[in-house]
Structures are given as C-alpha cells and as structure tokens.
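In what follows, a single structure is set out as structure tokens and then discussed.
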Amino acid sequence: MSYFQVNDRCNGCLACVQCCPGNALDYRDDPEQRTLLHNMTRCARCATCWRVCPQDAVELQHLLAGGWDEVVSLPLVRCQVCGEPVYTARLPEGLDERVAPLAVPLCDRHRADDRARTVVASRIQARAQDRGGKR
C-alpha cells in the first residue's frame, strides 16, 4: 500500500517535489514517462504537497487513515488442548537447542495446568521414595 497517492489530475508539474520540506518526494524521467517517487521514511506527513498542488491531485486520505500493511504471514501452532494460537511454526527454528524442548504447544492456561501436574507428580514420587526407604 502506497500512502502517498495522486489522482488522475496530476500533470507532473513537480510543485509537490519542489516544496517538500523532508525531501520525501522525487521524480525519475525515463525516455517515455515521468514517475513520481515517495519515500515514507523521509515523509513528515505535513501535507505541504497537498497544499501546494495546483491540480488538487495529491490524496492524503491513505496517509492519514493510519492503515496497517501486511508484512509477513506465518503458519500458527495451536495449543494441544484448546486450539488457541500459541506461536508460529518458525519460532522453534530460532531457539537454542537447550530451550527448544520447552516450546511445547500449550497456551498459558494449559501450560500452568501442566506445570501443576508435574509438580504434584514429582512430590508424589518423592514421598513414595521416602516411604520406600523407611521400611
């Protein structure tokens, strides 16, 4: 999505390019056409381009709407118990080999339940060992 857009009234006069305080607008002339360029990282969102355009060709509604651009889509891994999204399938790839086994697909609630079961089981096992040694 390009935030800086012009409509079909643009005649390529370059008033916007010449007046941009952030140098966020530029142009490129090829043998057959002129192309207007916009650099979002330099744009101050000051609307000077919109104010100086003699053709009313600059449209800022896309810039001002504050929309979201999709950056990446990754497959989800879901909780083994309830199906709630937990992390992306690529997350374990970047984990240290010592930590990777801890990436069990459980949501926070079911991870807490699993920890509680583990603690209870280890205590029961410890008590059983203590009783076995005292006989």
Worksheet entry | Tabulated pairs, region 110-129, first outside the structural domain of Q80 (by TED's automatic domain parsing) and among the small types (G, A, S), second assigned to a helix (DSSP H, G or I) and at pLDDT below 80, C-beta under 9 angstrom, 6+ apart or interchain | none
Discussion item. Is it the case, given these coordinates, that R51 is outside any loop (DSSP other than H, G, I, E, B) and among the basic types (K, R)?
Written reply: yes
Item to complete: Could you tell me which of the residues E70, E59, E93, E97 is exposed (fewer than 13 other Cβ atoms within 10 Å of the Cβ), over 30 Å from A112 (Cβ atoms), acidic (D, E) and without any contact (Cβ under 8 Å) to a residue 60 or more places away in the chain?
Response: E70
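How many residues does region 1-43 hold that are of a type in the set (S, T, Y) and either assigned to a strand (DSSP E or B) or surrounded by 13 or more Cβ atoms within 10 Å (Cβ to Cβ) (or both)?
Selection size over region 1-43: 3.
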Worksheet, complete the sentence: Filtering region 43-73 down to residues that are at pLDDT below 85 and either on the phi < 0 side of the Ramachandran plot or acidic (D, E) (or both) yields L60, Q61, H62, L63, L64, A65, G67, W68, D69, E70, V71, V72
Practice prompt. Within region 76-89, identify whether any single residue is over 30 Å from R115 (Cβ atoms) and part of a loop (DSSP other than H, G, I, E, B), and answer yes or no.
Written response: no
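The values are calculated or read from the model by the stated rules, or taken from the named source; none is laboratory data. Everything numeric in this text was worked out from a predicted model, so none of it was measured. With ideal geometry, Cβ positions are generated from the backbone for all residues, glycine too; neighbour counts draw on all protein chains shown.
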